[in-house]
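Novice: The structure follows.
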Amino acid sequence: MSEPTPISDPYAYLNIVKNPDGSITRDLTKFPCTPATPDPSPQTPVVSKDVSVNKSKSTWMRLYAPSSTLNDTVPSQKLPLIVYYHGGGFVLCSVDLQVFHGFCSDMARDLNAIVASPSYRLAPEHRLPAAYDDGAEALEWIRNSDEEWIKSRADLSNVFLMGTSAGGNLAYNVGMRSAAASDLSPLQIRGMILHHPFFGGEERSGSEMRLANDQVCPPIVSDVFWDLSLPVGVDRDHEYSNPTVGDGSGGLEKIGGLRWKVMVVGGEEDPMVDRQRDVAKLMKRNGVEVVEMFNDGDVHGAEIGDPSKRKPLFASIGKFISSSAALRCNSF
């Protein structure tokens with residue numbers, strides 16, 4: 001089997017152009033968007049709607065709920081809440097992309113859960129930690145919200161932070177902040193689900209060298225994402241991209257102490273897989289209970305691009321959520 005042709009121009013691959021003022025021009029024609037589907041029908045087992053979070057920042061959130069739960073005037077049981085952050089290297093994409101809308105709709109249906117997918121400001125116009133700030137602000141919005149699906153249908157004592165790629169990095173960092181917060185009540189986070197999380201570093205890992213010519217997200221493309229999203233003047237060994245630098249513990253002891261569980265999902269054909277494993281090891285060393293699921297043959301973000309892979313993923317996440325609930329009950 002012949003070696004794939006290396007991607008030589010990551011900017012052209014990403015359809016972005018760097019402007020003299022430091023901003024970028026994005027060509028979004030490859031990323032079709034889809035509106036929310038607020039009206040239940042036999043064809044829409046999951047309904048969705050958009051709500052504003054912070055008008056001054058133009059941040060917002062798409063909520064997803066199984067249609068069946070909205071049929072009950074008084075719901076007999078509130079559903080787990082999954083706060084899901086989309087991917088895109090902190091530089092591209094939005095909540096309403098067709099692929100993320102489909103993924104969140106399928107997740108709400110298969111897990112019988114409420115899903116809240118917040119937007120966040122993109123780099124380089126808004127470099128990190130702007131996305132982390134917006135991710136944390138979205139949690140604060142949920143915490144104080146009178147929105148009917150949140151207040152009446154979501155179990156705020158059973159919340160999970162989840163994200164894909166850059167969204168997985170975002171979920172990790174928002175989780176660290178949340179664990180350090182003195183009080184998030186009535187919000188109670190039970191765990192994190194890091195789906196193909198986006199991590200980096202200066203020195204190439206073994207999987208990055210092995211998969212240098214990857215056609216989905218090769219290291220040369222990841223480098224551009226980090227160059228555009230990290231604070232000016234730092235390198236990829238900054239804590240935002242490489243949590244394992246230094247002692248790397250940060251607030252992980254608090255996450256362990258709170259008895260959150262963490263699920264790390266990755267693919268063996270993702271150049272980042274070694275980094276994902278290293279972060280999982282770091283969490284374990286700091287007393288966090290980690291469930292690892294690394295799938296043979298899967299590329300970066302496999303279940304986003306291939307809907308046929310979602311059912312087994314959501315089945316595993318369902319077991320993870322159930323085991324976290326059992327852990328909570330046993331701790332009382």
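The values are calculated or read from the model by the stated rules, or taken from the named source; none is laboratory data. Computed from a predicted structure; not experimentally measured. Here the Cβ is made from the backbone with ideal geometry for all residues, glycine too, and neighbour counts use every protein chain on show. Keep in mind that these areas ignore ligands, DNA and RNA; they rest on the heavy atoms of the full protein, side chains included. Shrake-Rupley method; radii C 1.70, N 1.55, O 1.52, S 1.80 Å.
Novice: What are the semi-axes of the equivalent ellipsoid for region 166-216, taken as the square roots of 5 times the Cα gyration tensor eigenvalues, largest first, in whole Å?
Specialist: Values: eigenvalues 206, 26, 10 Å².
In descending order, the three semi-axes are 32, 11, 7 Å.
Novice: Could you give me the ³J(HN,Hα) list for region 304-311, computed from phi with Karplus coefficients 6.51, -1.76, 1.60 and θ = phi - 60°, whole Hz, x at Gly and Pro?
Specialist: Values per residue, Gly and Pro as x: 6, x, 10, x, 5, 8, 6, 4 Hz.
Novice: Relative contact order (percent) for the chain, with alpha-carbon contacts under 8 angstrom and 6 or more residues of separation?
Specialist: 16
Novice: Quick one: with all protein chains in place, what share of the accessible area of region 1-90 is carbon or sulfur, to the nearest percent (1.4 Å probe)?
Specialist: Working: 2870 of 5160 Å².
Looking at region 1-90 in its full context, I get 56 percent from C and S.
Novice: Follow-up question, since we're still on this one. With every protein chain kept in the model, how would you rank 183, 214, 110 by accessible area, 1.4 Å probe, largest at the top? Please list the in-between numbers first.
Specialist: Numbers: 183 80, 214 20, 110 50 Å².
Final ranking, largest accessible area leading: 183, 110, 214.
Novice: By how many degrees, between 0 and 90 and to the nearest 10, does the Cα long axis of helix 219-229 differ from the longest principal axis of the chain?
Specialist: Computed tilt is about 70 degrees.
Novice: Let me ask something else. Run the 1.4 Å probe and let me know the accessible area of residue 149, rounded to the nearest 10 Å².
Specialist: 20
Novice: Rg and Dmax of region 1-61, using alpha carbons, in Å: what are they?
Specialist: Over region 1-61's Cα set, Rg and Dmax evaluate to 19.0, 52 Å.
Novice: How long are the semi-axes of the equivalent ellipsoid of region 9-132, defined as square roots of 5 times the Cα gyration tensor eigenvalues? Whole Å, largest first.
Specialist: Numbers: eigenvalues 208, 47, 26 Å².
Largest first, region 9-132 gives 32, 15, 11 Å.
Novice: Could you state the principal axis extents of the C-alpha atoms in the chain, from the largest down, to the nearest angstrom?
Specialist: The Cα atoms of the chain stretch 57, 44, 43 Å along their principal axes.
Novice: Oh, and also: How do 228, 184 stack up against each other in accessible area, from largest to smallest, with a 1.4 angstrom probe? List each step's numbers first, then the result.
Specialist: Numbers: 228 0, 184 35 Å².
Sorted descending by solvent-accessible area, the residues read 184, 228.
Novice: Tell me the label-point distance for the pair residue 77, residue 281, using the 7 Å Cα-to-Cβ offset, in nm and rounded to one decimal.
Specialist: Using points 7 Å along Cα→Cβ, the separation is 4.0 nm.
Novice: Largest first, how would 238, 196 line up by accessible area (1.4 Å probe)? Please list the in-between numbers first.
Specialist: On the way: 238 40, 196 0 Å².
So, going from the largest accessible area down, we get 238, 196.
Novice: Report, to the nearest whole %, how much of the accessible area of region 134-203 belongs to carbon and sulfur atoms, 1.4 Å probe, protein only.
Specialist: Details: 860 of 2000 Å².
On region 134-203, the fraction of accessible area on carbon and sulfur atoms equals 43 percent.
Novice: A further question follows. How many Å² of accessible area per residue for the chain, probe 1.4 Å? Display every interim value, and only then the final one.
Specialist: Numbers: 13990 Å² over 332 residues.
Spelled out: the 1.4 Å probe surface of the chain, per residue, equals 42 Å².
Novice: Heavy atoms of the protein only, probe of 1.4 Å, neighbouring chains included. What is the accessible area of residue 209 in Å², nearest 10?
Specialist: 120
Novice: Still on this model: Hey, could you get me the Stokes-Einstein D for region 227-332, Kirkwood radius over alpha-carbon pairs, 25 °C and 0.890 mPa s, rounded to whole µm² s⁻¹?
Specialist: 157
Novice: Now for a separate question. Test of understanding: what is the full-extension gain from residue 319 to residue 209, defined as 0.36 nm times their sequence separation minus their Cα-Cα distance? Walk me through the numbers before you get to the answer.
Specialist: Working: separation 110, 0.36 × 110 = 39.60 nm, distance 3.39 nm.
Extending this stretch completely gives an extra 36.2 nm.
Novice: Report the extension gain between residue 308 and residue 54 in nm, rounded to one decimal, defined as 0.36 nm multiplied by the number of residues separating them, less their alpha carbon distance.
Specialist: Values: separation 254, 0.36 × 254 = 91.44 nm, distance 3.53 nm.
Result: 87.9 nm gained on full extension.
Novice: Continuing with this model, one more query. With the dipole of the chain worked out from charges on the C-beta (+1 for Lys and Arg, -1 for Asp and Glu) around the Cα centre, which of 318, 76, 219 lies farthest toward the positive end?
Specialist: 76
Novice: Roughly how much of residue 309 is accessible, in Å² to the nearest 10, using a 1.4 Å probe?
Specialist: Residue 309 exposes around 70 Å² with every protein chain in place.
Novice: How much mean residue ellipticity at 222 nm does the chain get from its helices, if each DSSP H run of length 4 or more adds -39500 (n - 2.57) and you divide by all residues, to the nearest 500 deg cm²/dmol? Can you show the working numbers first?
Specialist: Details: 11 runs with 114 residues, N = 332.
Result for the chain: -10000 deg cm²/dmol, rounded to the nearest 500.
Novice: Could you give the dipole magnitude of the chain about its Cα centre, charging the beta-carbon of Lys and Arg +1 and that of Asp and Glu -1, in debye to the nearest 20? Please report the intermediate quantities before stating the final value.
Specialist: Numbers: 32 positive and 42 negative charges, 208 e Å.
So the dipole magnitude of the chain works out to roughly 1000 debye.
Novice: Once you put a point 7 Å from the Cα of residue 151 and another 7 Å from the Cα of residue 30, both along the Cβ direction, what distance in nm separates them?
Specialist: So the two model labels end up 4.3 nm from each other.
Novice: Quick one: grab Rg to one decimal and Dmax as a whole number for region 97-201, Cα atoms only, in Å.
Specialist: 13.8, 43
Novice: Follow-up question, since we're still on this one. Using Cα-only point scatterers and the Debye equation, what is log10 of I(q)/I(0) for region 122-173 at each q in 0.13, 0.14, 0.17 Å⁻¹, rounded to two decimals?
Specialist: Log-scaled intensity ratios, in q order: -0.38, -0.44, -0.62.
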